[in-house]
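Visitor: Here you go, one structure.
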Amino acid sequence: ALPDRHRPPEGLRKAILQKLSYRVGRHPAQATRHDWFVAMALTGRDQLADVRAFVGSRPWRQGQVAVVCCQHGAGRYADAIAAAGTTPYAVECGGDLHTSVIEILLRSGAAGVMIMACPPRDCRHREGPRWLTERVYHGREAELQARVDRARVSIVHVNASERADALAALQAFA
């Protein structure tokens, strides 16, 4: 088993296993190191392709914030987030978020990026929120690059029932 520091969040683990099985065509027990590498690369590449398609499909208004929200939490009230004048971008799990997604959103013209992830210990994918915070702010592997202004990035932990808290945090950030 991998040490905790190298273990991917549960949702990311599932995505890698899916790529390994259906794109690489290998069962985990028979997969080589190269097969695992290809599956991981495809998973990251797909996240980046998805966000590039997202930013290419809409122009940003001056001062507009992009909100990355977990489908199982804040993604359930994405309509309210959009009504607040932002652009929601739903992902399977905030903890699985490739840090380059944040950079792409900022480079595309977003004034800031708020990530609405599930609260720690309330995530379907175990340690996702904790590892996201560590990657963005504390240099965990796959960290947010130093060139990205962290003042333009915010992580808020809200679940599906904390709509008012999410919107208040968004208003304070925007």
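Visitor: Between Arg126, Arg45, Arg58, which is in contact with a helix residue (DSSP H, G or I) (Cβ under 7 Å, 6 or more places away or on another chain), of a type in the set (D, E, K, R) and more than 13 Å from Ile155 (Cβ to Cβ)?
Guide: When all the criteria are applied, what remains is Arg126.
Visitor: Mind checking which helices (runs of 4 or more DSSP H) fall wholly inside segment 92-174 and carry at least 1 residues that are more than 27 Å from Ala53 (Cβ to Cβ)?
Guide: Numbers: elements: 99-107, 128-137, 163-173.
Correct list: 128-137, 163-173.
Visitor: In addition: As an exercise: evaluate Gly112 against (1) open to solvent by 30 Å² or more (accessible area, probe 1.4 Å); (2) touching a residue at least 12 places away in the same chain (Cβ under 8 Å) and give the number of the one condition it does not meet.
Guide: (1)
Visitor: Report, by residue number, each residue of segment 55-73 that is more than 21 Å from Ser100 (Cα to Cα) and surrounded by 16 or more Cβ atoms within 10 Å (Cβ to Cβ).
Guide: We begin by selecting, within segment 55-73, every residue more than 21 Å from Ser100 (Cα to Cα); these are 61-62, 72-73.
If the condition is that a residue be more than 21 Å from Ser100 (Cα to Cα) and surrounded by 16 or more Cβ atoms within 10 Å (Cβ to Cβ), then His72, Gly73 are the ones that fit.
Visitor: For segment 123-141, how many residues meet the condition of being open to solvent by less than 70 Å² (accessible area, probe 1.4 Å) and more than 12 Å from the chain's Cα centre (by Cα)?
Guide: Final tally of qualifying residues: 6.
Visitor: Hey, another quick one. Please verify whether Ala117 is free of Cβ contacts under 8 Å to residues at least 24 places away in the same chain, open to solvent by less than 80 Å² (accessible area, probe 1.4 Å) and closer than 21 Å to Arg76 by Cα, treating the condition exactly as stated.
Guide: Answer is no for this residue.
The values are calculated or read from the model by the stated rules, or taken from the named source; none is laboratory data. Source: prediction; values computed, not measured. Cβ coordinates were reconstructed from backbone atoms using ideal geometry, including for glycine residues, and neighbour counts include every protein chain displayed. Surface accessibility is based on the protein's heavy atoms, side chains included, excluding ligands, DNA and RNA. Shrake-Rupley method; radii C 1.70, N 1.55, O 1.52, S 1.80 Å.
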